[in-house]
Amino acid sequence: MPAESSRTRTLPAKSPSLPPGPRQPAALQAARWLLGSTSFLERCQARFGDLFTVNLVAKAAAGPAADRNQGRWVFLADPEHVRQVFTADPEIVRTGDTNRFLEPLVGPRSILVLDEPGHRGQRKLMLPPLHGERVRNYGTLISRVAEADLARWPVGEPFALWPRMQAITLEVIVRAVFGIAEPRRIARVTALLGRMLNRMTNARWLLVQSLLATVAESTGHKGTARRLIGPVDEVIRTEIAHRRAATDLDQRDDILSLLVRAEYADGSPMSDDELRDELMTLLIAGHESTATALAWAFELLLRHPDKVARVREETEAGLDDYAGAVAQETLRLRPVVPFVLRNLAQPMEIGGHLLPAGTWLAPCAYLIHRREDVYPEPLRFRPERFLERPAGATTWLPFGGGVRRCLGASFAQLEMRRVLQTVLAHADLVPARGKAEKIRARFITLAPARGARVLLEGGGK
Ligand code: HEM
């Protein structure tokens, strides 16, 4: 756990105050948010500066102070403020609270919804399978899955790349997590998981479910959600049981086998319930975000034939530095997760404001990534900038930061490099339209509005 930052003051030195922000009623701000969260954020920053408060949820004014602050998100677009938040004591700057809405899906023991001290123990066990040599071993699997999918792409007619990227990343994560190779078993797991995710991350579906839940006091919500989650649960639990009984457990290096063998500090193993929640977390966190990032990578890169040529040349030479820079620049210009959230358990002073307990902080990748003082010509797609200067922990935050930084960051970047290289080595792709695709908010992510439509020319390379 990092030491509490010297800039973090938790004792009230002045009366609590929130930074300025739009004064419209919460409902109107929420409507502006839904119509275009990124342009809303840009306008707020232009008007109020790098620290501003957005109010998205109307709360009873008569409630306690902590309740009153719920729905008030303080956005941070100054790297120094972000450093303060990412290095603060995670018992004071909490993350699990802000992910609570995912609990019906990932379960109460998921690393995503835990706060300290439980979070630290889970993270220690889950880190090794997703780091260093272990991750690099997945390179061949990723290239093979991408190559097989590529063979099915239509030639000479425009199609959206995003669903293809979803299919690739889903199969990759299922095979990496479970270590299964039998096509029928993979097909069953990916079909069930794909169906569940498509429904549960669809904004309209979520809206209908929450209305049902309000009217029927949760029975409607849980009933439908259960019908989608239940079969996936069953598959996960069956795989756990198989793995516990496997005679070759010591030789296997898939994520499930590594987690079954892992031990907490006191020597105890993970329970079936813990394994279920963490596997579900990895399947969900490791799929959609990477697919969207890849769709953006193609949408941006294909508009620059010289940069496409550079990726190909490096691939032929057995290198992947430039493909890596393309991935980084894509995640800078189009951060799939535009901001992360933290809940203050105690008051904290940031930028001259003593923010009260209960305030949600939003270190904002989208705004920081567009700062001219950090990234000259910020709107230009220029992967070279990451070859000239490495990414900074408080200026490049597509994977969040601090003790909650994305556990799959290395995995995701490897996957982006390998899919870009494999596809470009075998296919001549061009954008289907001259005009760049707009950003569309999808659930908690930013996706290409038309799904990154492309044309595969002349039967591939
Ligand atoms: C381009 C793809 C991805 C993006 C943009 C992304 C982004 C993020 C972000 C923004 C967070 C929250 C960090 C914070 O609160 O500071 C996060 C957390 C997490 N991600 Fe990812 N992610 C990606 C891929 C993956 C993959 C491939 C996996 C697993 C194989 C994964 C597993 C996780 C987990 C387990 C957490 C929770 C970490 C914790 O709370 O300690 N992610 N990710």
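Annotations
- Positive-pole candidate from Leu344, Ala293, Leu197, dipole of region 26-457, charges at beta carbon: Leu197
- Global geometry of region 248-383, whether rounded, prolate or oblate, following the gyration tensor of its Cα atoms and the 1.5 cut on a/c: oblate
- Distance between the modelled labels on Trp33 and Ala391, one decimal in nanometres: 2.6 nm (7 Å Cα→Cβ projection).
- Amide H contacts of Leu361: Val74, Arg342, Asn343, Leu344, each under 5 Å away and 5 or more positions distant or on a separate chain (H built 1.01 Å from N in the peptide plane; Pro and chain starts excluded).
- In plain terms, if you count all Cα to Cα distances in the chain and split them into 10 Å steps from zero, the share in each step is 4, 19, 30, 28, 16, 4, 0 percent.
- The chain - charge dipole about Cα centre, Lys and Arg +1 at Cβ, Asp and Glu -1, debye rounded to 20: 1400
- By definition, a body whose alpha carbon gyration tensor gives a ≥ b ≥ c is oblate when a/c is 1.5 or more and a/b is not larger than b/c, and region 343-423 fits this oblate description.
- Asp250 - accessible surface, heavy atoms, 1.4 Å probe, Å² rounded to 10: 120
- Across the alpha-carbon set of region 282-362, the Rg to Rh ratio works out to 1.21, Rh being the Kirkwood radius.
- Overall dimensions of region 131-206 as given by Cα atoms, namely Rg and Dmax in Å: 14.2, 41
- Longest segment of the chain lacking GluC sites (Glu not before Pro) that sit in a DSSP loop with at most 16 other Cβ atoms within 10 Å: 218-371
The values are calculated or read from the model by the stated rules, or taken from the named source; none is laboratory data. This structure is a prediction, so every number in the text was calculated from the model and none was measured. Because the Cβ atoms are built from the backbone with ideal geometry, glycine has one as well, and the counts that use them run over all protein chains shown. Heavy atoms of the whole protein, side chains included, go into the accessibility calculation; ligands, DNA and RNA do not. Shrake-Rupley method; radii C 1.70, N 1.55, O 1.52, S 1.80 Å.
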